[in-house]
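Input: a single structure, listed below in structure tokens.
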Amino acid sequence: MSARTAFMFPGQGSYVPGVLAQLIDEFPSAQATLAQLDQMCDEQGHAPISRLLIDPGAASLDDLVADQSPDLDMALFSSNIVIYQMLVAAGLDADVVVGHSLGEVSAFTAAGALTLRDATRLVFGRTTALRSCSIPDGGMVALALGRDRATHLVGFIDEPSAVVTVDNGPDQCVISGPTTALTAVEHIAAAAGIRATRLRAARPFHHPLLRDAAETFARDFADLPVAEPRIPVYSPVLGRYLTSAEDVRAWVARHLIQPVLFYDGLLRLYRDGVRRYVESGGRDTLTAMVSTCLPAAAGTVAPLRRRCSAAEFRQAVGSVDAAGTDAVPAATPPTIESTNGHRPTSFAPATEQVAAPAPQAEASAPPASLPAADELFAQIREIYAEALGYPVDLLDADVDLEADLGIDSIKQIEAFRLVRQRFGLPEPAAELRVTSYSTLTELTELLRRLADGAEQAPVPTGGIPR
């Protein structure tokens, strides 16, 4: 069987402000699609979505999660589809498409099952349904456990409202539930030495608590026009390939309350001969999962794991032919090239990007005076370069760790912990999220605040505490 290629469409964690800034003018078909999406946003009474995708200074992920969820959902859908247009324009074809959580709407659209206009209505209609129903305060927590062990942990705490709702692989799944239940999960996980990461999720997605919203959503879109997909579509929510237009309607009715079995989907695609996995969205969340879940013969390419130029995008696309072979290359620092054979030690979950992990015990040391500004910056730079696997010269003072270099939140949090330990500084206030300080300049200022005994550092320019 010849190697086959899957295009993968990520969910909310894929949003990167200004992800298309350096690219859109080089791809006329993608530019036209983005203009269409702007027009459709206007028809739905919303501001143009292009402002979030072509301006690097646009609202952050946390800004959108906090109070602009329609914009966030539309931004991730639009970036997925526009990047898909770029991949096609660059000469790539998909043998199968698959989405993660809300990313499935992008997969349906790329396969021709939904028109761009109907998909846009669906994305905005989902937010409307969620806002129209009373939903308890809650969210999602990622555990560094497989699904079976996570199920046992949840059973141990006797919190029936905590549910395993996303299976991303043998070492990561996601728990959804009310805030009180998630807090109990975090406490037990910390006691057991299991990494627990609270996600940037405004609601407990894929949970029975959203049943009223799911019924409203299904009723509002009962007459959704759906065509037969032109490309095979695998649905992790339905747990199978789509075989009819009714399958799309079944997804609409179930996806808010049904688990995402992405790991099972990857295993099925691999058994079906898929050896090349291309991320059609921002970041490299899903391709990192492929590298963790599948044999080394599964090659991955994430052209927009960070903001990049058109030349870099085409270079990454050109590496697809080399992906999906049995050869395992030597380990290299993070690049936008194929990561075939690479097994990252941590990765951000696809349903949402990660926030701060549950507190873990660590040795305390008396606060030490910090060195002079230049020396402090130099030491921070060295620690981050070693922890993140980047050359020191690449870590300029104002380079954005997440948007420019594609460094996920877990890695940033771990690097900051190493810096604090170096200088014997306390943990920041619980409500402060370190990943909002996305440049080394901002991190240096944060360290000064901690050394001065400030309980909470000021919000950096362009972001809110995560």
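The numbers here are math on the coordinates, done by the rules we state, and not lab data. In this text the structure is predicted, and so the values were computed from the model without any measurement. Cβ sites come from the backbone with ideal geometry, for glycine too, and all protein chains shown count toward neighbours.
The H on the amide N of Ser235, modeled in the peptide plane, is under 5 Å from the matching H of Arg240, Tyr241, Leu242, each at least 5 residues off or on a different chain.
Along the range 302-309 the Karplus relation, 6.51 cos²θ - 1.76 cosθ + 1.60 evaluated at θ = phi - 60°, assigns HN-Hα couplings of 10, x, 10, 5, 8, 4, 8, 7 Hz to successive residues, with x for each Gly and Pro. Note on the range 1-109: Cα Rg divided by 2.2 N^0.38 Å, N the number of residues, gives 1.07.
Would you list Met40, Met289 from fewest to most Cβ contacts within 10 Å?
By the 10 Å Cβ count, ascending, the order reads Met40, Met289.
With all projection directions averaged, the alpha carbon convex hull of the range 138-203 covers 3.6 nm². Using alpha carbons only, the radius of gyration of the range 262-310 set against its Kirkwood radius gives Rg/Rh = 1.00.
Computed from backbone phi with θ = phi - 60° and the Karplus coefficients 6.51, -1.76 and 1.60, the 3J(HN,Hα) list for the range 56-70 is x, x, 5, 3, 6, 4, 5, 4, 6, 4, 5, 8, 9, 4, x Hz; x is used for glycine and proline. Taking amide H as placed 1.01 Å from N in the peptide plane, the amide H of Val166 sits under 5 Å from that of Val174, Val260, each at least 5 places away or on another chain. For Thr300, the residues whose amide H sits under 5 Å from its own are Tyr277, Gly324, Thr339, Asn340, ignoring neighbours fewer than 5 places away on the same chain, with H placed 1.01 Å from N. The dipole here belongs to the range 138-203: it is taken about the Cα centre, uses +1 on the Cβ of Lys and Arg and -1 on the Cβ of Asp and Glu, and is about 240 debye. Look at where the Cα atoms of the range 36-53 and of the range 156-173 average out, and the two centres are 36 Å apart. Using θ = phi - 60° in the Karplus curve 6.51 cos²θ - 1.76 cosθ + 1.60, the 3J(HN,Hα) couplings for the range 204-221 round to x, 5, 6, 10, x, 4, 9, 4, 4, 5, 5, 5, 5, 4, 4, 5, 5, 10 Hz; x is entered for Gly and Pro.
Put in line by how crowded their Cβ is, counting other Cβ atoms within 10 Å and starting with the fewest, His187, His100 read His187, His100. Report note on the peptides 27-36, 207-216: ranked by the mean count of other C-beta atoms within 10 Å, highest first, their order is 207-216, 27-36.
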